[in-house]
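First the structure, in the form of structure tokens, and then the observations on it.
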Amino acid sequence: MVPALLDLILPPRCAGCGVWGAVACPSCLVKLLGEPAPRPPDPAPPGLPDCWSATAYEGAARRMILACKERGRTALVPALAACVATCVAAWQTEAEAEGERAAHPAGAGLSGAGLSGGGRGGDGAGGDRAGEGAAAVTWLVPVPSARAAVRRRGHDPVRAVATAAVRELRGLGRAAVLAPLLRQRRRVADQAGLGSLERAANLSGAFEVGHRALGALRPPHSGTGPAVGFRVVLVDDVVTTGATLAEAARALRAAGVTPSAAVTIAATPRRVPYVATRRKHHIRDNHGW
């Protein structure tokens, strides 16, 4: 809490570059917002939804995420939330465009066009027409932090960012709600330094859906599942191997909720595996790849 209090009392310094005047200077904010785009890990783990990020996990973006997450600079939450909201909006726009292309392929008449699969066609609750109106609500589902980490940090950064991102999306005219459906089912080891297979094993069965939270969000009109008519988007700060998001998606599907996408602030750039790097270049690896 001390860094947050200092940000209120003293002139703030940019968490990205250290310049005085703002917790996120305009230059670093531009880098943080980046260019929202699909940035899935390679290889992607089974079950990972469509994975978008605002930028790469390096430079100013990395420093700002760590300042909020590990050093208590909660004044950065609005800037990080703007990244998530921008990314969600970009994904929605692309998904809606794909739906339109599928519904109205080149040369096909509008009257006979229809969507195949995914429950997105016609006037269904999960369709593209719902996507144009207030009925299409996006559920932002934050990946839960470990209780020990929340106690140590004094806050839950991903949930805070997801909460603020809901407000940002509403400001953009997009219906959204916070959907804190997931909770940790068991303790997991620290992921730092683990490779993709080790992360997947460490996280296997780690999350579950709180059915009381799901019941509170269940649409009363739904006849085929709790997420009918809703876009469900997982939210996390950084995607590395994708193991965390894939496990979170598995837990949602087990409860009858199919996530459409996963959105993070940043994506870890792919690195050469450690053993190969040592043999070829004799330099240390990065981020556990």
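Readers should treat all values here as calculations from the given coordinates under stated rules, not as data from a laboratory. All values derive from a computational prediction rather than experimental measurement. Virtual Cβ from ideal backbone geometry, glycine too; neighbours counted across all protein chains shown.
Structure values in brief
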item	result
Distance histogram in 10 Å bins (all Cα pairs of segment 17-85, percent per bin)	19, 48, 25, 7, 1
Surrounding net charge for Arg62, when Lys and Arg each add one and Asp and Glu each subtract one, Cβ distance under 11 Å	+1
Size of charge dipole - segment 23-95 - debye, nearest 20, with Cβ of Lys, Arg +1 and Asp, Glu -1, no other charges	420
Among 15-28, 66-79, the order from most to least packed when residues are scored by Cβ within 10 Å on average	66-79, 15-28
HN-Hα J in Hz across segment 236-247 - Karplus 6.51, -1.76, 1.60, θ = phi - 60°, x for Gly and Pro	9, 7, 9, 10, 10, 8, x, 5, 5, 5, 5, 5
Amide hydrogen neighbours beyond the local backbone of Arg39, cut-off 5 Å, H modeled	Cys51, Trp52, Ser53
Relative packing of 231-242, 147-158, which averages over residues the other C-beta atoms within 10 Å, highest first	231-242, 147-158
